[in-house]
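The values are calculated or read from the model by the stated rules, or taken from the named source; none is laboratory data. In this text the structure is predicted, and so the values were computed from the model without any measurement. Cβ placement follows ideal geometry from the backbone for every residue including glycine, while neighbour counts extend to all protein chains displayed. Ligands, DNA and RNA are stripped out before the accessible areas are found, and what is left, the full protein with its side chains, is counted by its heavy atoms. Shrake-Rupley method; radii C 1.70, N 1.55, O 1.52, S 1.80 Å.
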Amino acid sequence: LAVLAGGLVAGLMLVFFAAGIDPAASVSDLTAGLTRLLEVLEANPLWLFAALVILPGLAFPASPLLVLAGVTFGNRHGLPVASLMAALAIVLNMSWTYWLAATYGRHGIEALLARTRFNVPSFTAKDHLHWAIVLRVTPGIPLAVQNYVLGLSRMPFGVYLAVSLPVQCAYAVGLVISGGALFE
């Protein structure tokens with residue numbers, strides 16, 4: 001966890017450095033820095049796409065990245081393409097985090113819990129659908145938590161995608177459109 005937190009802080013500092021933002025700067029300097037960040041991301045849209053695929057799986061909030069996608073991808077390609085790119089990135093994020101939790105992550109958590117009186121709960125097929133819907137539509141649950149819990153549950157990947165895609169893509173598109181509109 002400490003390595004993960006350190007990596008996240010280092011990544012944010014790298015983004016700030018690349019955009020010329022001083023985190024201790026005044027509001028006007030931060031505004032100028034944000035403008036530079038947007039210029040960097042517009043010139044390098046794959047950085048933002050990669051951030052959308054990777055960072056939410058490392059407990060970084062997806063919402064600010066999706067708003068940035070609306071601004072950067074929207075300015076460059078228009079909001080329909082920006083929405084499609086953001087939705088694809090979120091689908092890739094949901095996929096790799098599910099598989100990590102369902103395979104190596106599950107084995108590691110089971111090994112860790114074997115030393116205690118707890119174990120990873122198992123769910124019936126009916127429970128899978130119920131919990132997938134509950135986790136996906138309940139506001140405030142981080143995307144990473146949703147993905148990892150559903151992956152740990154051994155829910156079939158098809159059911160996972162059938163429930164997750166409409167909900168998460170709707171959130172992603174809504175935030176992209178909001179971000180694009182906000183900065184116009």
Inset, instruction - Pull up segment 118-159, narrow it to residues that are among the small types (Gly, Ala, Ser) and part of a helix (DSSP H, G or I), then point me to the one that is surrounded by the fewest Cβ atoms within 10 Å (Cβ to Cβ). - result: Gly158
Inset, instruction - Kindly check whether there is at least one residue in segment 32-41 that is modelled with pLDDT of 85 or more and either in contact with a Phe, Trp or Tyr (Cβ under 7 Å, 6 or more places away or on another chain) or of a type outside the set (D, E, K, R) (or both). - result: no
Legend entry - Pairs with Cβ under 7 Å, 6+ apart, first in segment 113-133 and closer than 12 Å to Val149 by Cα, second open to solvent by less than 100 Å² (accessible area, probe 1.4 Å) and part of a loop (DSSP other than H, G, I, E, B): Phe123/Ser153; His128/Ser153; His128/Met155; Trp131/Phe123; Trp131/Ser153; Ala132/Met155
Legend entry - Single residue of segment 161-178 satisfying the filter (touching a residue at least 40 places away in the same chain (Cβ under 8 Å) and more than 16 Å from the chain's Cα centre (by Cα)) that is farthest from Gly78 (Cα to Cα): Ser178
Inset, instruction - May I ask you to list the residues in segment 160-184 that are open to solvent by less than 50 Å² (accessible area, probe 1.4 Å) and small (Gly, Ala, Ser)? - result: Ser164, Ala172, Gly174, Gly179, Gly180
Inset, instruction - State whether one or more residues within segment 117-129 are under 23 Å from Phe60 (Cα atoms) and β-branched (Val, Ile, Thr). - result: no
Inset, instruction - Starting from segment 75-97, take each residue that is in a loop (DSSP other than H, G, I, E, B) and list its partners that are crowded, with 16+ Cβ neighbours inside 10 Å, counting only C-beta distances under 9 angstrom and pairs at least six apart or across chains. - result: Gly78/Gly180
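Identify, from the list Ala43, Ala59, the residue that is surrounded by fewer than 16 Cβ atoms within 10 Å (Cβ to Cβ), of a type in the set (A, V, I, L, M) and at positive phi. Step through it out loud before you land on a result.
Values: Ala43 fails: at positive phi.
The match here is Ala59.
From the list Trp99, Trp47, which one is modelled with pLDDT of 75 or more, closer than 19 Å to Val145 by Cβ and either in contact with a strand residue (DSSP E or B) (Cβ under 8 Å, 6 or more places away or on another chain) or not basic (Lys, Arg) (or both)? Outline the logic, then answer.
Values: Trp47 fails: closer than 19 Å to Val145 by Cβ.
Residue meeting the stated conditions: Trp99.
One residue is enough: does segment 74-84 have a residue meeting the conditions buried (at least 23 other Cβ atoms within 10 Å of the Cβ) and at pLDDT 90 or above? First the steps, then the outcome.
We begin by selecting, within segment 74-84, every residue buried (at least 23 other Cβ atoms within 10 Å of the Cβ); these are 74, 82-83.
Remaining after also requiring at pLDDT 90 or above: 83.
Within segment 74-84, one or more residues are buried (at least 23 other Cβ atoms within 10 Å of the Cβ) and at pLDDT 90 or above.
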